[in-house]
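Chemist: Submitted below is the structure of interest, expressed as structure tokens.
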Amino acid sequence: MTAPGAPKRKKVLLVDDSDTVLLLQRMLLAELGHDAIIARDGLEALARAEQERPDLVFLDVLMPHLDGLETCRMLRGREPTRRTPIILCSASAEARSVRACFNSGCNDFVAKPFDGAALVALLRRYLD
């Protein structure tokens, strides 16, 4: 139970097929006082988003089964996540790739490998 006046812990859906990336993201969220919900691909992300109603979705572009771009489009097409902030991330930061991310409906983009301070600032922008 949250103490009166304490900030509400936010839920962030982390979607990535890399254990290393998920660990880094979970550590940053714990440092910021928020909860991580994990999904390993787009299909699992859709199911978890429906169940958990996250406050933010942090979504990798290249994943098995359903890539991040299509997952983002599908999240935008569903009522529970239509307005949920979505951050797409990819190792490819070429202009064409970044444009494709924004065209899929994301709110923001971040390139891998992550800069820790920049990632914390980005998370705070959407969670505070």
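Chemist: Would you mind telling me which numbered condition in (1) at pLDDT below 95; (2) outside any loop (DSSP other than H, G, I, E, B); (3) over 15 Å from the mean Cα position of the chain (by Cα) A3 fails?
Modeler: All conditions are met except number (2).
Chemist: Look at A49 and say whether it is in contact with a helix residue (DSSP H, G or I) (Cβ under 6 Å, 6 or more places away or on another chain), open to solvent by 10 Å² or more (accessible area, probe 1.4 Å), closer than 21 Å to R124 by Cα and among the small types (G, A, S).
Modeler: no
Chemist: Of the residues that sit in the stretch 29-43 and are crowded, with 18+ Cβ neighbours inside 10 Å and assigned to a helix (DSSP H, G or I), which one is modelled with the highest pLDDT?
Modeler: The selected residue is G42.
Chemist: Quick one: which of V98, V110 is without any contact (Cβ under 8 Å) to a residue 24 or more places away in the chain and either in contact with a Gly (Cβ under 7 Å, 6 or more places away or on another chain) or farther than 19 Å from L127 by Cα (or both)?
Modeler: Just a single option satisfies the conditions, and that option is V98.
Chemist: State the number of residues belonging to the stretch 70-101 that are touching a strand residue (DSSP E or B) at 6+ places or on another chain (Cβ under 7 Å), surrounded by fewer than 16 Cβ atoms within 10 Å (Cβ to Cβ) and farther than 21 Å from T20 by Cβ.
Modeler: 0
The values are calculated or read from the model by the stated rules, or taken from the named source; none is laboratory data. Worth saying up front: this structure is predicted, and the values here are computed from it rather than measured. Please note: Cβ atoms are built from the backbone with ideal geometry, for glycine as well, and neighbour counts cover all protein chains shown. These accessible areas exclude ligands, DNA and RNA; they are computed on the full protein's heavy atoms, side chains included. Shrake-Rupley method; radii C 1.70, N 1.55, O 1.52, S 1.80 Å.
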